[in-house]
Each structure stands twice: as C-alpha cells, then as structure tokens.
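The values are calculated or read from the model by the stated rules, or taken from the named source; none is laboratory data. Only a predicted model underlies this, so the values are computations on that prediction, with no experimental measurement involved. Glycine gets a Cβ as well: all are built from the backbone with ideal geometry, and neighbour counts include every protein chain shown. Accessible surface is based on the protein model in full, side chains and every heavy atom, while ligands, DNA and RNA are left aside. Shrake-Rupley method; radii C 1.70, N 1.55, O 1.52, S 1.80 Å.
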Amino acid sequence: MRILVSDPIASEGVDILKEEFQVDVKTGLTEDELVYIIEDYDALIVRSSTKVTKRIIENANRLKVIGRAGVGVDNIDVEAATFKGILVVNAPEGNTIAAAEHTMAMMLSLSRKIPQATMSLKRGHWDKKAFMGVEVKGKTLGIIGLGRIGREVGKRARAFHMNVISYDPYISQENIHKDEIKMVDLDTLLRNSDFITLHAPLTSSTNHIIGEKEFKILKKGVRIINCARGGLIDENALYNSIIEGRVAGASLDVFEKEPATNNKLLKLDQVIATPHLGASTEEAQINVSIDIANDVIRALNNKTVRNAVNMMSIKPEEWAKIHHYVLLAEKLGKFYSQFRDGRVRRIEMGYSGGITELNTSILTASALKGLLNVILQEPVNLVNALVVTKERKIEIVETKKRDVEDYSNLITLKVISDNYECLVGGTVFGKNDQRIVMINKYKIDLIPEGNIILISHRDKPGMIGSVGTILGRNDINIATMQVGRMSPRGEAIMALTVDEYVNPQIIKEIADTEGIEEVKFIVF
Ligand code: NAD
Ligand code: MLT
C-alpha cells in the first residue's frame, strides 16, 4: 500500500510509516497535481497547507484514510470524504501544550508590547515611554471554547492570578470547578473580559463568532488573542475597532486567509502576529507526526483507530467485545440482500441482551454496509454506510431491549421494502460462534459462512432426497443441513451449506421440483 505525505511532518512519523508501507513525501503540490496523482495512494497525510478539496477526494478511488497531523480538519472536505467512505483521522492531543504556551506568550507579548519594543531597540532607539504595558494579574480573561487548549490556557492564566471566565455551549459548570473558571454566556464574556482568547474550532456556527455586532459590546480597551482559527474573528470589524480605539490590541497567530502576508491588520502597531506557529514546537511536531502515523497504519490494517473524525471512535476494549457482533451484523445485511429484493423503505435494527450496553450504532452501520454493498456499485463501509442509506431516503430505526428471551444476545434486522417485509436474526454463541437463528417466522441454526442454498418448501417425505439427488448429480457436496418448519407437513425451509458454487441452472432445477416454492443461493 502507498502513502502520500503532502505537507512537512516530523521524520519520526514518516519513519514509522516506512516500516510497513511505501511512503512518498511530496510537499507543495497544487490541487491539479494532487487530483492527478491521488488515485495511486491508499492514504494521504496532511498538516494545514494542503487543502483536501472535493475534487481531490472524488478522484481518490483507492484512498482509505486521510490523516491530519494536528487538530483542525477545516482544510479537509470531511463531508466529501464521508460520502466516498474515506476515513478521516486527526492527531488532536500532541500539540495542545504547544498551542496553550503560544497563547500565553502571545497574551504577555501583547500586554507588554514586546515585539514592538524589540523592533524599536533593534532600530537603535532606547524608548522607554512608548512601550508602557498593562499587567494581567487581576484582569478578566474570557476563553471562548473550553476544550483541550482552552483548559490548559485557563490553568496557566490562573497561575498568573487572572479571573477566568469561559463560554462554551457544550461544557457545563458541573464539569469545571467554578472557583477556577466560571462558565458564562457569550454576551457576559464579551462585556466583561479585559482579554479574550479564542479556542473553538472553525465551523459554520463559530465563523465570525466575534463579528461586527459583538465588537460593539466588547469592554472598551479589550485585548484579543487568536491562536485557533482566523475565521473566528471578523478581521474587518477587528481592524475598525482598533482604529476607533475600542480594542487596545490584538495578538494573532491565525488569519482568515493564510499565508497572510498582505493582511491590513499587520500594518497596525497595536497588532502583533506570528505565522500560524501555535503548534510549532519540536515536541508537538514529533508528537503529532507519531500519533498520525500510528493511526493511519491502524486504519490501513483495518484496526480500530484512536481519533476518527467521521466515524464513531471505539476503544480497543470495547472493540474486542463487539467485534464478532460487527461481523455478524454485516452478514445479516448481506443475507437480506441476497434473499429479498425491491426498493427498501425502512430498516429496523433490534438489539437485545448484553450488547445493548455496547456501541450499537457501529452494529447498525455494519448491517447497512453488508446490505448495501451487495446492491450498490459504490463501495459502502462503516464510514459512509449511514449517509449512503439516508441519501437513499431509507428510514433507519434502532430498538434496544435489555431483557432476553431465547438468546443472551440477539441482533435482528427487519427490512420493509416495496415487495416484502423480512426479518433475519443472529447471535454469537460463546466468544465467536456466529449463527443466524431466525429467518422470518422460522427458527434455525445456520453458520453464516461459505455457500448456502435456502429452500422454501412443503414439509413432506422425499423433499430432502430430491434436493440431494440434484446436487449429487451435479457433483455439489453438502456440508451441513438445517430444516425449520412451522408444523408437520406445513410450510418449511431447508438451508444447505455446500462446498461448491452452485450455478443458476442447478438452482432453477431445484426450484422446478414439485413441492418447492422458492430457492435462493446465498454467498457469505
Ligand atoms: P477541542 O476540540 O479540544 O476544543 C474545542 C472546544 O470548542 C470544545 O470544548 C467545544 O465544545 C468548543 N466549541 C465548539 N463550538 C463552540 C462555540 N460555538 N462556541 C464556543 N465554544 C465552542 O480543540 P482544541 O484541541 O482545544 O483546539 C482548539 C482550536 O485550536 C481549534 O480550532 C484548532 O484547530 C486550533 N489549533 C490551532 C493551533 C495553531 O497552530 N494555532 C494548534 C492547535 C490547535
Ligand atoms: C492544528 O489545527 O493542529 C494547528 O493548526 C496546527 C498546525 O497543524 O499547524
């Protein structure tokens, strides 16, 4: 398998990748160049320079995983990747401390005008009056976004004796000690902070979270630090607020458009800036490079990854418990698609017993994968199974029942299509013994492996013999046989596992036998 690394990452990660795969490091590629070469690769690793656009993704026919050596995935079209079934992974932890320390450096440099004073002294001026600063002690710091970096900044600001308040709609005060950081609404934060630092991701709802309207209510003389993403602040509104004297200064590591060499904010004395250096420490770059290399290798080896962006992450301990159910769910889906046809309208996944405590959404995705892969041209996997199903306007319902009846764990897949309503259920005996235990109203005990001939027939003497004779005549060896019936001489099904592939003529011959209603050949 081949991996393309299209932005510079620390050599430690590249070396790990090279132990298992062929790696090409090609940086500075244009979109056109990437579109042209991407179909040769199974994995792509980027930092923030490469923009992984829809066009690139549409041509990435071999690509299984995109790895982002860092946190922000705003340079990757995650939606397009998801539709194409490409896993996106990131390395969110390795640069947290680097970004938090950079934020503190930017805040202190801003409050003491260190960059401006440095430049002045280097030009030969000993000007003590021009660079009067302010202390941070006793001032209020407002943190927008209290995730990994926001919290580390909060701790460090407390050490500087600042009052720390924060706005984060997804974090409640119960999880944060109120004597350390007080959670407030955005309006309160904007009106009361002497310093504001941003640590939220850039999304459609955080874009310009400090925009023209917000700049009007900020406390006069506020200083703003942005080491997260440029789009969080409306740069025009910031520029005007600094000119009008409402904002005392800004310290920016990130910009709406990068590289930001022509940004008008850089012309203002009150603005200090770095070229997106938040994660640029030796330690952070080694961390993210190793983290992303390991996750990309896991993804290419079909193992569970640590930091999935577009798929539910699952801990290795949980994966060990659920793994055989994931395989079983896929087989239930695969069984259905070969057993019945017609436009599917609704899929009902039922879970009972101990598995209800595990991550059943991965089981549902697996059943959908099994079901759709038989029907669709485009590859369906655990990443895109849900979106592909919803795109086809198929309703999906999950029900869970802790109580058990006949099996300690049971997965049922009920499909309502234009032509049929069909139910198939399975369980795992012991650690890994997968079985299909129900097909519609019949109870059965079928190992979902190999080639299976499924026959609906009347229960009467000679049926098994007739089928056996046809198979024997065609040199098809029967491995196992299961029969389920509603009542003696009533409706019944016969499931035969056979060693060979059975061609459609033989299936037709069986179907034409007197007393046989329907025959399906199912391959797992
Ligand atoms: P994180 O996911 O741990 O934290 C983000 C926090 O933002 C979460 O707590 C989330 O609840 C919160 N949030 C989401 N929507 C919000 C909203 N509308 N208002 C307020 N808060 C909201 O991420 P992190 O690792 O702390 O990274 C934070 C940011 O820093 C990201 O944008 C990341 O890309 C950026 N970053 C920049 C650099 C750099 O080099 N400058 C380095 C690392 C990270
Ligand atoms: C990130 O999101 O991790 C940062 O922007 C760091 C980077 O990769 O430059």
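Here are the numbers:
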{"quantity": "Unit charges on C-beta of K, R, D, E only; dipole of the chain, Debye", "calculated": "1660"}
{"quantity": "Charge tally in the Cβ shell below 15 Å around Ile9, where Lys, Arg are +1 and Asp, Glu are -1, Ile9 excluded", "calculated": "-4"}
{"quantity": "Sequence-distant lysines (8 or more away, or on other chains) whose Cα lies within less than 20 Å of Lys267", "calculated": "Lys113, Lys122, Lys257"}
{"quantity": "Reachable aspartates and glutamates from Lys26, criterion Cα separation under 18 angstrom, eight or more residues apart if same chain", "calculated": "Asp7, Glu12, Asp15, Glu39, Asp40, Asp42"}
{"quantity": "Solvent accessible area, Å² - Tyr501, 1.4 Å probe, full protein context", "calculated": "150"}
{"quantity": "Computed magnitude of the charge dipole of region 313-444 (debye, nearest 20; Cβ of K, R +1, Cβ of D, E -1)", "calculated": "160"}
{"quantity": "Exposure ranking of Met486, Met312 by accessible area [1.4 Å probe, largest first]", "calculated": "Met486, Met312"}
{"quantity": "Contour excess over end-to-end distance, with Cα ends at Glu449 and Val523 and 0.36 nm allotted per residue", "calculated": "25.9 nm"}
{"quantity": "The chain - percent of accessible surface contributed by carbon and sulfur, probe 1.4 Å", "calculated": "50"}
{"quantity": "Loop sites in region 18-62: trypsin sites (Lys or Arg not before Pro), DSSP, at most 15 other Cβ within 10 Å", "calculated": "Lys26, Lys51, Arg62"}
{"quantity": "For region 286-349 versus region 1-47, the gap between their alpha-carbon centres in whole angstrom", "calculated": "24"}
{"quantity": "Ranking by accessible area, most exposed first, for Asp512, Asp7 with a 1.4 Å probe", "calculated": "Asp512, Asp7"}
{"quantity": "Accessible area, probe 1.4 Å, largest first, for residues Tyr351, Tyr239", "calculated": "Tyr239, Tyr351"}
{"quantity": "Charge tally in the Cβ shell below 12 Å around Ala320, where Lys, Arg are +1 and Asp, Glu are -1, Ala320 excluded", "calculated": "+2"}
{"quantity": "Cα→Cβ-extended label distance, 7 Å offset, between Glu398 and Tyr420, nm", "calculated": "2.6"}
{"quantity": "Karplus 3J(HN,Hα) series, Hz, for region 114-123 with 6.51 cos²θ - 1.76 cosθ + 1.60 (x for Gly, Pro)", "calculated": "5, x, 5, 5, 4, 4, 5, 5, 5, 7"}
{"quantity": "In order through region 55-70: 3J(HN,Hα) via Karplus (6.51 cos²θ - 1.76 cosθ + 1.60), integer Hz, x for Gly, Pro", "calculated": "4, 5, 5, 4, 8, 8, 6, 9, 5, 9, 8, 10, x, 10, 7, x"}
{"quantity": "Amide hydrogen neighbours beyond the local backbone of Tyr41, cut-off 5 Å, H modeled", "calculated": "Arg62"}
{"quantity": "Sites Met312 and Asp475 - FRET efficiency at Förster radius 35 Å, r taken between beta-carbons, to 0.05", "calculated": "0.15"}
{"quantity": "GluC sites (Glu not before Pro) restricted to region 372-412 and DSSP loop, no more than 16 other C-beta within 10 Å", "calculated": "Glu405"}
{"quantity": "Magnitude of the charge dipole, region 90-203, Cβ model with Lys/Arg +1 and Asp/Glu -1, debye to 20", "calculated": "660"}
{"quantity": "Loop-located chymotrypsin sites (Phe, Trp or Tyr not before Pro) in region 57-158, at most 13 other Cβ atoms within 10 Å (DSSP)", "calculated": "Trp126"}
{"quantity": "Heavy-atom surface of region 449-524, accessible at 1.4 Å and reported per residue (Å²)", "calculated": "51"}
{"quantity": "At 1.567 mPa s and 4 °C, Stokes diffusion of the chain via Kirkwood alpha-carbon radius, µm² per second", "calculated": "48"}
{"quantity": "Asp341-Val134 pseudo-label distance in nm [points 7 Å out on the Cα-to-Cβ vector]", "calculated": "7.4"}
{"quantity": "For region 96-273, accessible area per residue (1.4 Å probe, heavy atoms of protein chains only), Å²", "calculated": "53"}
{"quantity": "Extended-chain gain in nm, criterion 0.36 nm per residue less alpha-carbon gap, Lys220 and Met486", "calculated": "87.7 nm"}
{"quantity": "Contour minus Cα-Cα distance for Arg158 and Ser172 (0.36 nm per residue)", "calculated": "3.1 nm"}
{"quantity": "Per residue value of the accessible surface for region 293-375 (all protein chains in place, 1.4 Å probe), Å²", "calculated": "39"}
{"quantity": "Per-residue SASA entry for His323, accessible area with 1.4 Å probe, Å² rounded to 10", "calculated": "60"}
{"quantity": "Residues with amide H under 5 Å from that of Arg345, placed H, sequence gap 5 or more", "calculated": "Ile416, Ser417, Asp418"}
{"quantity": "MRE, 222 nm, helices only [DSSP H, n ≥ 4, -39500 (n - 2.57), over the chain, to nearest 500]", "calculated": "-10000 deg cm²/dmol"}
{"quantity": "Amide proton proximity set for Val222, modelled H, under 5 Å, gap of 5+", "calculated": "Ala248"}
{"quantity": "Solvent-accessible surface (1.4 angstrom probe) belonging to Met438, in square angstrom, nearest 10", "calculated": "40"}
{"quantity": "Distance between region 192-215 and region 385-406 - C-alpha centres, whole angstrom", "calculated": "38"}
